[in-house]
Amino acid sequence: MLNAIKPLILISSILTFSANAENKINPICNDIADLAKAVMTARQNNVDIKKLYDAANGIDGARNMVTVAYSKPRFKSEEYKQNAITDFSNNFFLACVKLEDKKKI
């Protein structure tokens, strides 16, 4: 019985640590990840790039994000589309977090 509980305690500890670490992340990184998700979703759904460039006008870094997204392949299967969207969003989130970490040093 005790052996069955140990993995649950470990998972609970990891989730608690993750939740505490997440609270310390600059909210702008979440916004950037959400924007990246929207941009790549549009890319994977074959939205005309001109529409995204128009929408990104005046938003710092958004045009660059659109350019990067449209340099990536568009997939046919939903699984591959979702993987591309998640990876793209995660990459921008990670870049933001790393930049924030460098500012703290």
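Coordinate-derived values only; no laboratory data. These figures come from a predicted structure and were not determined experimentally. Neighbour counts are summed over all protein chains in view; Cβ atoms, including those assigned to glycine, are modelled from backbone coordinates with ideal geometry.
Annotations
- Ordering Met65, Met40 from the fewest to the most neighbouring beta carbons within 10 Å gives Met65, Met40.
- Modelled spin labels at Val47 and Lys24, positioned 7 Å past Cα toward Cβ, are 3.5 nm from each other.
- This ranking places Phe92, Phe75 by how few other beta-carbon atoms lie within 10 Å of each, fewest first, which gives Phe75, Phe92.
- Proximal lysines relative to Lys37, as straight alpha-carbon distance under 28 Å, when same-chain residues fewer than 8 apart are discounted: Lys24, Lys50, Lys51, Lys72, Lys76, Lys81, Lys98, Lys102, Lys103, Lys104
- Environment charge at Phe88 (Cβ cut-off 9 Å; Lys +1, Arg +1, Asp -1, Glu -1): +2
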